[in-house]
Structure formats: structure tokens, C-alpha cells
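Below is one structure, written out as C-alpha cells; comments come after it.
The values are calculated or read from the model by the stated rules, or taken from the named source; none is laboratory data. Being a predicted model, the structure only gives us computed values, none of them experimental. Methodologically, a virtual Cβ is constructed for each residue, glycine included, from the backbone with ideal geometry; neighbour enumeration extends over all protein chains shown. Note: accessible area is taken over every heavy atom of the protein model, side chains too, but ligands, DNA and RNA are not part of it. Shrake-Rupley method; radii C 1.70, N 1.55, O 1.52, S 1.80 Å.
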Number of protein chains: 2
Amino acid sequence: VNNQSSLPLLHALQQCVARDHAPFYTPGHKRGRGSPDPLIGLLGSQVLRADLTELPDLDTLFAPTAAIQAAQALAAAAFGSDRTWFLVNGSTCGVMAAILATCAPGEKVILPRNCHQSAISGLILSGAMPVFVDPEYDANLDRVDGIPPAAIAAALQHNPDASAVLLVSPTYEGVCSDVGAIATLCHQQGIPLLVDEAHGAHFAFHPQLPTPALAAGADLAVQSTHKTLAAMTQAAMLHLQGNRVDPERIHKALTLVQSSSPSFVLLASLDAARWQMATQGQALLDHTLTLAERARSQLAQIPSLAVLSPAQARTPGFVALDPTRLTVTVSGLGIDGFTVDELLRQQGGVTAELPALQHLTFILSLGNTEADVERLLAAFRALPDQLAGQPESPPPPATWQCDVASRSSPPVLSPREAFFTPVTVVPVETAIARISAELVCPYPPGIPVLMPGEVVTEAAIAHLQRVLAAGGMLTGCADATLKTVRVVDNQP
Amino acid sequence: VNNQSSLPLLHALQQCVARDHAPFYTPGHKRGRGSPDPLIGLLGSQVLRADLTELPDLDTLFAPTAAIQAAQALAAAAFGSDRTWFLVNGSTCGVMAAILATCAPGEKVILPRNCHQSAISGLILSGAMPVFVDPEYDANLDRVDGIPPAAIAAALQHNPDASAVLLVSPTYEGVCSDVGAIATLCHQQGIPLLVDEAHGAHFAFHPQLPTPALAAGADLAVQSTHKTLAAMTQAAMLHLQGNRVDPERIHKALTLVQSSSPSFVLLASLDAARWQMATQGQALLDHTLTLAERARSQLAQIPSLAVLSPAQARTPGFVALDPTRLTVTVSGLGIDGFTVDELLRQQGGVTAELPALQHLTFILSLGNTEADVERLLAAFRALPDQLAGQPESPPPPATWQCDVASRSSPPVLSPREAFFTPVTVVPVETAIARISAELVCPYPPGIPVLMPGEVVTEAAIAHLQRVLAAGGMLTGCADATLKTVRVVDNQP
């Protein structure tokens, strides 16, 4: 029964909370009665009464037959999947399970070179071999976008034995790839398209938002229900449709990567987030879209600022923009995004999601108010005065893009082999021609130049040193100064 | 600075909550302002205000330099480790990380055949090869205890190339193995002892409790801080000492198995649980021990009941008992533990942690009160009347123990290989001599007879059918009736 106004899991938990009984089970605080005062002071006592795990009256996450099963079925209907799993270890565990369920050791998966860490973790745990494709990069605005279908087509052509394609869509900035075209390419080759849709859990609930991955034809989508909807942090969902991915394998993989003591507080928040969207989603998103539109148009009127807009979505790797994301380019102010982030936070009382060298990204959602937007606008309007007298940052170089030819190549070890192989730390000048044991990712543009298992080239090191010299930074590696590199220890 | 009365992480979160600012980051509910009413009704609004993830003012779980680092250092001092990691994916992820960090693919790990599912998951993800040892089994009382040091010594002698030993101590029933003797055996062979101490997080805080694994010489201990202390469900810790396990490998492994959006509600609860134990632990445990002692002695006076007591700890696989656990044998009532569990819950308002065929286990902790114990006693005293007129369950067989020789053997595939290999479902009579693709565990005694990757024997099937016929049950397998078995698909 698809009664979207019911809350089966939340109500089952509520009944457990209300039932008078003596608790001789975990957790140790026993419905908050043993909780320390400072924790009660921070969280309140109500949540502690509800902090329960798999009791006879509740259900079990790995073999649901009651409230969890009902809540997952309602979520499947609301989000447009054939089957949905609730996750308590974030989209991280969903992306890992998607790879574990579709790629046996040694099998190939096609994925963006700038995929999330969870996809690399999935490669390490599964033993799958990555075939990396490059995302589009807008060098003028220093923004990494989606994957053009042509890049997937080429990768599929060169790798007819690939087992799956994994996309990230939307990006942090709300940029969407052409999921429909890519799904068609995958299905022509008989393989599934898996989408890391962590930032797109709200797409299904308003016609002005980009098409959700499942509606576009993806076989599987992982969504951080906590990122844009009302679930609690760490609570996420995995959605499946069609028969290209075996639900039994998803189930088995999910039992590997999640706690056997799942928090029913997190699980109930997924039920509540689904209920909220199914019953009031469009109205709530109307409000968010109105706020976002006002913020976008007002920010664009502030001199020296530019805001990414849906009208800019017209390249093969950028077919739609989530209008609830605001990406504000600040390089026109003569200052970098990290400095702006500090000023907004310290002076303006505004906290962004993601600062970068040339821009900052802000997430608007159902929890934001007009007052938030006023504060955002006021903080940006005050910037020029706050910057008066400050030295200008040097203008960023025209492009940070690493020529593919200068990247470390080719892979010698799978990410899994590189993970388990002993490593050694060597001075950067002696790292050339050795196998990298670490990921080295320059910002900008946030596309890794070295991946574990790849051979370090002179051109790759030269590029990384240029990024550092120009004021960029390196992430993912143990030594962010690049004086040393961790390589595979190939001494006997 | 080891100021155990400070709460660095909880206070950092509190300051974030108190800071007036406009939130343009995840989670989508934005400090609870967009949370659905039913969720606020269940949990209160305070916890939602504190539901934050890695903000500039907070710290990052995978590279802590501020509040998390300080909180983990205090926990290390309080729990007696050299280094402690906070976990948001339960002891599950700690046990998996312990195996991933110490066993490369194909390497051997010695562990109990009845280890927790998380250890099997660790084998699957790492590709390590298990060397199973059998726990002690008390057939009269149908209780699986710990691992005798002699069993570890024999396994080490036959497997001098093993990379690690993993113990589970205490068991669910609070039974402790001789961790000190086993640590000595491991260290003589130069390998680490890893302890799944999920149920023993409280041991370090009272002299009347069993010796904690680290104090007994273990190299690593994983504790469910939520099970016996005041952390919230899913929040756990991994403790490390000495130099037999590389902390860098633990760190890398933990980043694979945990969300990149960790809940600071869960993390703050770990800080609070440490603070509570460090500042008031002995007094709180004095009270719990007094309650447990009263419950134990009173229950023992009820006709037909027997309660496991610390004095019974005198076999090589049972050297100490956690006195805060009550394991009550009910077979003297002529009825099984599952029926008693139902009666206690429905009629007595008492919920146990773990019912079994012949007994039930109850967890007492700092959250329990005298009223709870009174209720427990009253519920048990009322049982004989409630049972009057009910048919007696048939007396359980004298022993459920599976002769080792009749078990499925030998392993042909590693658990990892069996996980990734295609499976097929066959009628039980044709499963013999094929490779099992699933774990089949009879209760009692809760020691798996079939493991994925082992060859199915006629004796194993016969034993499992005897268990079913005698009223026991099978867990872990897809078909609990044993009409079919999942085996590796070795058809071409």
C-alpha cells in the first residue's frame, strides 16, 4: 500500500519509546537514563530515549520484514525506484556497495577521474580496475563539470569488457551530466549505469529541478538524503531499478559496509525525510527555488561577482544545473575564495559549503529562510569595504588544467594492490618512474594527477610543482609540499 | 594535557550550535529549521540543531587536528591505549579495519569459528584466509565460551605464517578468554593480537570487572562504547598499543569503511561517554555491580532457575565473567528461552538482550535502576503461574555440539573468493561435495557448521538436520529449512 502520509518506521520507534518497560539491552545509557549531563544538555533527553537498535518490536536492517521494509517500500515509490535500501553509513557505503555488487576482482569500471573518495574505496575493496575518464573543465571559471557522453562512448569502445559505469551527477556545484545519453550507451553494451547522486536527493520532487538519475535511465542511484533533504547526517539511500544489477548482491554488499548496530534515530529520520517530500515536497521546494532565484539575481548585481546560472548549462558535460546551488565567482574582487570564505564567516555570519580558489558554493534547501538570504547578500555587499586596503591576491593563471599526456600513466597496480603493497617515502626527484602509492590531487581543478598504482612521470611532477608555485594546493597526499612522495616499495 | 574533566569535542560542537549564522552547508534541514514535525516530535529539536558535520569550526574525522584529536587523546588516556580512533560505523568497522590493516590478501588470520559477522566481512574485504579455532562449549548449559590458549597455541604451531590472531572477548554472555596468555603466544610468534571487545568497553573503569584486553597485553581492541557505556548507538572506538600494528594502516583502513559525512552527534557522544567514565566511572559501576549482584542472588533463589556466576569461571576458555551480565538458564522450567522472552516482554515489561534456547542474557549498565531489577525479579517470579497449564517444551538434547570431523571441510575458496563467485541454489541432497556459498550456523550452539568456501560434507548436513529435528534453528543461510543450499556455481 502506497500511503505516503504514513510513517511506519518513525511510528514503530515512537511506540517503542512510549512502551513502559525495563531495558536490559544495548545501548548502555538505557533510554537516556544513564546519559551524562553534558550530553543531555547538548542534545536534549528526547533523542536519547529514542536511541535504540534492533529490538523485537522494531525491525532488522539487514533482513527487514516489518517497519523498515514498509518504510523502504514507501521510499522506493516516492523516489521512483523498484527497490530502496536505507543506509546508516552515508552515501559512502552506498557507492562502495554499488561497486562491490557489480564488479568482481579484476573487472573494469569506467568512472570519472575526480570521483569521490568512496568510489576509490570501492575499487580498493572490490579489486576492480578503474578506467578513468576526464570531466569537462571550464578553465576560465576554474570549474570541473560533468562527463560528456562522448567520453563514455570512447571508454566503452576501448573497454568492451567493462562491467559498469559510475557517474557523479550532480557535482558539488549542481552541474548535471547527460545521464540519459550515458545510460543509453551503457545499456547498448549491456552494462549498468551507477550514479553517485549524493547531492541530488531532492530532484524527484520538483519539475524545475534536473531530471533524477533513475528517471533518466540510470540503474542505480545513491543519494545523501541528509545533504539536501531532512534526514540526519550520515543517513542515505540506495535506489535500484531494472534487472541489470542483482538486488541480492546489493544486499550482500551492504551487509559488509554497515554497522550491525544501526541507529534507529538515523533510520527514522530517513522515513521522516521521505514523508516530508512525498506530502509537501513541491511546496517546500517552491519556496527554496524562490529564495535561490532571488539570491542568484541579487548577487549577480553586485559588482565584480558572477553567479553560475542554469542558462550556462549547454556543453556535453553540463546539461543542467540544480538552481538551488549558488556558485559565486569571486576572482573579480582580486581575492581568492578561501579569504572570502573567512570574511563571510567571521564578519558576515554566513557559512558556505565549499570554498575554492576562484569561487564558493552555497547550498540552499528547505531549511533556509529569507533571513539567511538577506544575510548572504549583506555579507557579499560588505566585502568591498572589508577588502579596502588589503593586498590583492595575484590573478590566478589562465588555466590549471593538466594535459592528460603529462599525467602519471599507465596504471601498473590496481588501487587494491596499491593499498596492500608496502610503501616507502622518497624525495620527489627520485619518485619519477616509480609506482605511486598515493593519490595526489591539485586544487584547482580537483582532478587527481597521481593515483595509487600509476607510474609517476616527470611531466606529472612538473605540473604539480607549477600548481604549488601558482598558489594552488595539493590534497590526498601525505606531504602537501611535494618534497616527498609515497611510492610502492619495490626493494627486495 | 590529560584533563579528563574537559570535553573538547562536545564543547566545540556546542559552540557551533550557539553561534548565530546563516547555514549554507549540509545537512539539508539546516539546524533543524527544515525538519519535519513528526521527527521533531520524536527526537526534540535540540539534537537537530546539533546535527552537523565537518565545518571549519569543527574538525575532520579522517585528519583530525583540533577537537576530535583532543577528544581521542583523552579517550586513549582513559581507556589505556597509545592511540584511539572514534568510530561512527560501530565496532563493525573497527573489526574490519583491524583485519584490513594487519592481513594482506591471502595471508592467514587465526580466529574463532563463531566470530562476529564483522570479522567475516573483514575476511571478505581483505582476502585474508581464516584459520578457525573452536571455542569451548558447555553442552550441559548450552553455552559457547571463549578460546582456550591451547587452541591458539596449536593453531599457531600449524600456521607459523599467520599474520594475526583475532579473539572475541568477552562473549555476549560476558565470558572472558585468557587474553594475557594468548597475547604472550602471539607475541612469541611476533604477531599482533586483535580483540573484538565490543561488549567490554566498561572493563577499564572498575577493579571488580575483568581485565581489559589492552591491559592483558592485546595490541588492539575494538569496543562498542554504545553497548555498555553512554555513547549513542553506532558510536564505537578502536584502541591501539605498542608497535606490532601500524597506526598508519589502521588510519587508511578506517577511511575505507566509514562515511565521509560523519555525524557529530555520534562523535560528541563518544567524548561524553569517556568524560563520564573518567570522572565518575567507578561510582557508577559500583551501583551497577550492586544491582547485578542483587539480581543474581535473588534470581538464583527462584526454583528451577540458574544464573551464571563469576565463580564458574574456571576453564581455559572461561577465565573471568563480567558480573554485570546476567545469563539465566530457564530449561529447568521445562520451557525454552524464546517463550520465556515473550512472556517477560508481554507480561512482565522486561526486555532481554539475547534469548537462546536454554537461557537468556540481560545487560545491566549505568542506565539501569533498582526499579528495573525489581521488575526483572517480579517477572521471573510470575513465570511459574503463567506457565501453569502450558505444555512443556521437550527437554533439549544433551548436546548440540558438532563433532569437528563432521563439519564441512576443508576450505577450497577464501571467504572473499566465495563472496565474488557466482552461486546457485541446489536441493540439499545434491549439495554434498560442492563448495558452500553461504554460512550455515545452527543455534544452539551458534558455531557455524558451513562457511562460504568450504566443501559440504554428508556429516555436516546430517548434523544440521538433527539440529532442526530437535527444535534448534539455522541462521546465516537463505533457506532456514535446509531444503536448499547455496553453493558455488561450478558449471562451465
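A few notes on this one:
- Net +/- balance of residues flanking A:Arg244 in space, Cβ distance below 15 Å, scoring K and R +1, D and E -1: -3
- Computed over all pairs of different Cα atoms, the Kirkwood value for the hydrodynamic radius of segment B:356-467 is 17.5 Å.
- Exercise: per-residue mean of other protein chain Cβ atoms within 10 Å, B:348-360: 3
- Here the calculated FRET efficiency for A:Thr279 and A:Gln14, from their Cβ-Cβ distance with R0 = 22 Å, stands at 0.80, rounded to the nearest 0.05.
- Antiparallel %, DSSP beta bridges [both residues in the protein assembly as shown], to 5: 70 percent
- Neighbours of B:Pro38, meaning other residues whose beta-carbon lies under 15 angstrom from its beta-carbon, give a summed charge of -1 when Lys and Arg score +1 and Asp and Glu score -1.
- Inter-copy spacing of A:Glu293 label points, which lie 7 Å from Cα along Cα→Cβ, given in nm from shortest upward: 7.2
- Per-copy distances of the A:Ala104 label point, shortest first, in nm (7 angstrom along Cα→Cβ): 2.5
- Segment B:207-253: C-alpha gyration tensor shape, a/c 1.5 cut-off, then a/b vs b/c: oblate
- Applying a DSSP loop filter and a limit of 12 other Cβ atoms within 10 Å to the trypsin sites (Lys or Arg not before Pro) in segment B:292-378 leaves B:Arg314.
- Of the trypsin sites (Lys or Arg not before Pro) found in segment B:385-492, the ones in coil according to DSSP and having at most 11 other Cβ atoms within 10 Å of their Cβ are B:Lys483.
- 3J(HN,Hα) along segment A:162-174, derived from phi through the Karplus expression 6.51 cos²θ - 1.76 cosθ + 1.60 where θ = phi - 60°, amounts to 4, 8, 6, 10, 10, 10, 10, 7, x, 7, 3, 7, x Hz, with x in place of Gly and Pro.
- Within segment A:355-465: Cβ-based charge dipole about Cα centre, in debye rounded to nearest 20 (Lys, Arg +1; Asp, Glu -1): 180 debye
- Legend: calculated FRET efficiency, B:Asn140 to A:Thr430, from the Cβ-Cβ distance at R0 = 41 Å, rounded to 0.05, equals 0.05.
- FRET E, pair A:Leu468, A:Arg314, Förster distance 35 Å, beta-carbon r, rounded to 0.05: 0.55
- Gain on full stretching of the segment that runs from B:Lys483 to B:Asp57 - 0.36 nm per residue minus C-alpha separation: 147.6 nm
- Amide H partners (placed H, <5 Å) of A:Ala22, local residues excluded: B:Val350, B:Thr351
- Computed from label points 7 Å out along Cα-Cβ, the spacing between B:Asn490 and A:Gln4 is 5.1 nm.
- A:Gly471 sits among other residues whose Cβ lies under 14 Å from its own Cβ, and their net charge, with Lys and Arg +1 and Asp and Glu -1, is -2.
- Membrane-span-like helices in chain B (whole DSSP H runs, Cα extent of at least 30 Å along the helix axis, mean Kyte-Doolittle hydropathy of at least -0.5): B:264-300.
- In the full protein context, the protein assembly as shown carries 33 Å² of accessible surface per residue, based on a 1.4 Å probe and ignoring ligands, DNA and RNA.
- If both residues of a DSSP beta bridge must be in chain A, then about 70% of such bridges are antiparallel.
- Volume per residue for segment A:327-368 equals 61 cubic angstrom (convex hull of Cα atoms).
- Note: relative contact order over chain A, using C-alpha pairs below 8 Å and six or more positions apart, is 14 percent.
- Label spacing, shortest first and in nm, from B:Thr481 to its equivalents in the remaining copies (7 angstrom along Cα→Cβ): 7.0
- Relative to the Cα centre, the charge distribution of chain B, modelled as +1 at Lys and Arg Cβ and -1 at Asp and Glu Cβ, gives a dipole magnitude of about 580 debye.
- Which of B:Gln69, B:Pro56, B:Gly41, positive extreme of dipole for segment B:29-75 (C-beta unit charges): B:Gly41
- Only the Cβ atoms of Lys and Arg (+1) and of Asp and Glu (-1) were treated as charged; on that basis the dipole of segment B:286-399 about its Cα centre amounts to roughly 220 debye.
- Mean separation of Cα pairs under 8 Å and 6 or more residues apart, divided by the residue count, gives segment A:355-492 a relative contact order of 27 percent.
- Distant-in-sequence amide H partners of B:Ala164 (H built 1.01 Å from N, under 5 Å): B:Ile110
- Pairing chains A and B buries close to 8400 square angstrom of accessible surface in total, based on protein heavy atoms and a 1.4 angstrom probe.
- Volume per residue of the convex hull around the Cα atoms, evaluated for segment B:169-216, comes out as 67 Å³.
- Projecting the alpha carbon convex hull of chain A along each direction and taking the average yields 25.2 nm².
- Flagged links, alpha-carbon separation over 24 Å, of A:Lys30/A:Lys252; A:Lys227/B:Lys227; A:Lys108/A:Lys252: A:Lys30/A:Lys252; A:Lys227/B:Lys227
- In segment A:118-261, one over the average inverse separation of all distinct C-alpha pairs is 16.1 Å, which is the Kirkwood hydrodynamic radius.
- By the Stokes-Einstein formula, at 1.567 mPa s and 4 °C, segment B:107-162 with its Kirkwood radius over alpha-carbon pairs has D equal to 107 µm²/s.
- Percentage relative contact order, segment A:1-73, counting C-alpha pairs under 8 Å, at least six apart: 38 percent
- Here the translational diffusion coefficient of segment B:27-112 follows from Stokes-Einstein with Rh set to the Kirkwood radius across Cα pairs; for 37 °C and 0.692 mPa s it amounts to 202 µm²/s.
- Share of pairwise Cα separations in the protein assembly as shown, more than 46 Å, in percent: 27 percent
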